[in-house]
Amino acid sequence: MHPRSLALAAVCGAALLAPAALPPAAAEPNTRQEPDVAAPSTREGGVSATALRAAVRGCPQISRGRYRSDDGARANIPVCGRRGAVYWKADLDVDCDGRPGRHCNRRTDPLFLNTTAYQQSDGRQLSAERLPYVVVPGASRIWKPARSGIRGGTVAALVHRDKVLYAVVGDTGPTDLIGEASYAAARGLGINPDPVRGGTADEVTYILFPGTTARPIESRRAAATAGRAAAGKLVAAP
């Protein structure tokens, strides 16, 4: 993850003045069978979007301060905690970082980074194109995710309109920004996944389940199975 809006505008502006575009990054050959491939889905079964939003209504704030959604925006987004879940409500910016591919590389994303904070079980970087993942802010005085039980592979539920998508914590970002998820997560929620022009300003609810981990981290199936169980407990809690 990287600072957004202002940084992207600067990079794009520089690209317009440059004599030639950056050469495309070569996509890593897919020589191994991936365990799961993210595909658009209106729902992954189990708990409805309405029920999940109702379960996280209100905000018992656990962060010391508030986050901005983008560079230059007001810091007005708290991190909340209730019923064993950690959550926030923000926009969604698209993270294309990690293993390069057809849609995520230096050509498609001027701010592309070929690493993620967490890696697959085989040591390779996560694939933003294939794995729905959430980006959490780096530890700071505002909030330290690890102290709330949030680590790489922690299972999350993303809610947008009538859609629910299960994901994992897969990357970290700036210490003052919040509201970002991978290309595959955006695509699965029906949001434009383009790393430059995509994302949405509409509200997305990010619900993380501390202590619930997908193993291996790259398995979408593991995230969905654990996520459905955790979401069911959340909505059933008194």
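None of the figures in this text is laboratory data; all of them are computed from the coordinates on show. This structure is a prediction, so every number in the text was calculated from the model and none was measured. Quick reminder, even Gly has a Cβ in these numbers, built from the backbone with ideal geometry, and neighbours come from all protein chains shown.
The Asp162 and Arg197 beta-carbon pair, evaluated with R₀ = 25 Å, returns a calculated FRET efficiency of approximately 0.55.
Put the Cα centre of the range 89-151 next to the Cα centre of the range 161-217 and the gap is 9 Å. Note on Asp122 and Arg64: the model spin-label points, each 7 Å out from Cα along the C-beta direction, lie 4.2 nm apart. Which one, Gly211, Leu165, Leu189, is farthest towards the positive end of the dipole of the range 123-238 when Lys and Arg carry +1 and Asp and Glu -1 on their Cβ? The residue sitting farthest along the positive end of the dipole is Gly211.
Straight-line cross-link partners of Lys163 among the lysines, defined as a Cα under 18 Å from its Cα and at least 8 positions apart when in the same chain: Lys89.
When restricted to Cα atoms, the range 61-128 yields an Rg and a Dmax of 15.6, 43 Å, respectively. Using the Kirkwood radius built from alpha carbon pairs, what does the Stokes-Einstein equation give as D for the range 152-238 at 4 °C and 1.567 mPa s, in µm² per second? It comes out at roughly 96 µm²/s. In this simple spin-label model, placing a label point 7 Å from the Cα along the Cα-to-Cβ direction at both Ala237 and Asn114 gives a separation of 4.2 nm.
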